[in-house]
Amino acid sequence: GAGVSQSPSNKVTEKGKDVELRCDPISGHTALYWYRQSLGQGLEFLIYFQGNSAPDKSGLPSDRFSAERTGGSVSTLTIQRTQQEDSAVYLCASGVFGKLFFGSGTQLSVL
Amino acid sequence: DAKTTQPNSMESNEEEPVHLPCNHSTISGTDYIHWYRQLPSQGPEYVIHGLTSNVNNRMASLAIAEDRKSSTLILHRATLRDAAVYYCILRDVGGATNKLIFGTGTLLAVQP
């Protein structure tokens, strides 16, 4: 595909369940980022990957959040024991030379 | 991280130029100035970036002050499609990470 692809586009889950969000970056982009955006708010940085390693995890809000990237490509963001405050749009971006391309996001709703 | 300051909101009329200001008085020598915009219900979209010299592309122009403590994004002829939140961001190429920290941005309304 030509752009960053995220799946699912929408996810409704019950409090306490685990969820996995997937990001397929643009082919060849070594940098990959996860952000989240709560309703009416700005973007909150979560984690940055360079290749398969994550030199900056400083934005992960708690140890319930984890992310991995394999093969320098696909990344998954996992949220364990979801809470209602985790409800937000989770955005993935890949980039090169500082120019980021964002996906359309996953809208996560925790009931 | 060096921070940016932008007005919360601005209004423009269609077909007129728009100048979106950004202050970054603590900018360092290795900080690039990036602009992104976010249309309703979409992820952010890259607009333009620069270091010291003014930059032009098909979307906009970026005017950078000589002391680099401020910059202005210029949309030459606003259209209704330009209504969005515009983010001015500094990226430190000399740091250990290349993360972009998004502030609250400027909400641009374009009137027909």
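Values quoted throughout were computed directly from the atomic coordinates according to the rules given, and no laboratory measurement underlies them. Please read all numbers here as calculations on a predicted model, not as lab measurements. Note that each Cβ is placed from the backbone with ideal geometry, even for glycine, and that neighbours are counted across all protein chains shown.
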ask   = Hey, how many Å between the Cα centroid of region B:1-48 and the Cα centroid of region A:39-111?
value = 23
Residue order, fewest to most surrounding Cβ atoms within 10 angstrom, among B:ARG37, A:ARG22 = A:ARG22, B:ARG37
message = How large is the direction-averaged shadow of the alpha-carbon convex hull of the protein assembly as shown, in nm²?
response = 12.3
ask   = For B:41-49, what's the mean count of beta carbons from other chains sitting within 10 Å of each residue's beta carbon?
value = 5
Dipole magnitude of region B:1-86, debye to nearest 20 (Cβ charges: Lys/Arg +1, Asp/Glu -1, about Cα centre) = 160
inquiry  = Residue by residue through region B:52-57, what is 3J(HN,Hα) from phi via Karplus (6.51 cos²θ - 1.76 cosθ + 1.60, θ = phi - 60°)? Round to whole Hz and write x for glycine and proline.
reply    = 10, 8, 5, 10, 10, 9
query = If r is the Cβ-Cβ distance from B:ALA65 to A:GLU68 and R0 is 45 Å, what FRET efficiency results, to the nearest 0.05?
reply = 0.60
